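Taking it in order: structure first as structure tokens, then the write-up.
The values are calculated or read from the model by the stated rules, or taken from the named source; none is laboratory data. The model shown is predicted, which means the values in this text are computed figures rather than measured ones. For neighbour counting, all protein chains shown are included, and Cβ atoms are generated from backbone atoms with ideal geometry for every residue, glycine included. Please note that ligands, DNA and RNA were not included when accessible areas were found on the heavy atoms of the full protein model with its side chains. Shrake-Rupley method; radii C 1.70, N 1.55, O 1.52, S 1.80 Å.
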Amino acid sequence: MNFQSIMQQAQKMQREMAKKLEEFEAKEFEYDYKNSSVVVKITGKLEIKAITISDVLVDPDDKATLQDMVAEAVSAAIKEVSAAKDEITASAMPKGGMPGLF
């Protein structure tokens, strides 16, 4: 395999990876925290689109618990989407590296 074909293969992989990441970042995910107590809608770019809070959680005398649950739900949603993004990235890479390199 010559250098030119290796470079073409690498560029093709790079384009495919960029396309997969672009599609992933445009995708919207929904994370359900503790039986719909808090539902977070988040994009692949980790942008929060919406947070829905169950009426049973809205207690004016216990604002701290609600804030803690929302923070936990958002953190969990970000971890889940970040792990999915890592999977997309890993799946786009060839197994065993590029032929002819290293």
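A compact table of results
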| read-out | value |
| --- | --- |
| Residue that is nearest to Ile42 (Cα to Cα) [pool: residues in region 61-83 that are in contact with an Asp or Glu (Cβ under 9 Å, 6 or more places away or on another chain) and not small (Gly, Ala, Ser)] | Leu66 |
| Entirely in the chain, the strands (runs of 3 or more DSSP E) that have 2 or more residues that are modelled with pLDDT of 90 or more and among the charged types (D, E, K, R) | 28-33 |
| Cβ pairs under 7 Å, 6+ apart, first in region 2-28 and free of Cβ contacts under 8 Å to residues at least 12 places away in the same chain, second surrounded by 12 or more Cβ atoms within 10 Å (Cβ to Cβ) and part of a helix (DSSP H, G or I) | none |
| Identity of the residue in region 29-61, touching a residue at least 24 places away in the same chain (Cβ under 8 Å), open to solvent by 60 Å² or more (accessible area, probe 1.4 Å) and of a type in the set (A, V, I, L, M, F, W, C), that ends up farthest from Val81 (Cα to Cα) | Ile48 |
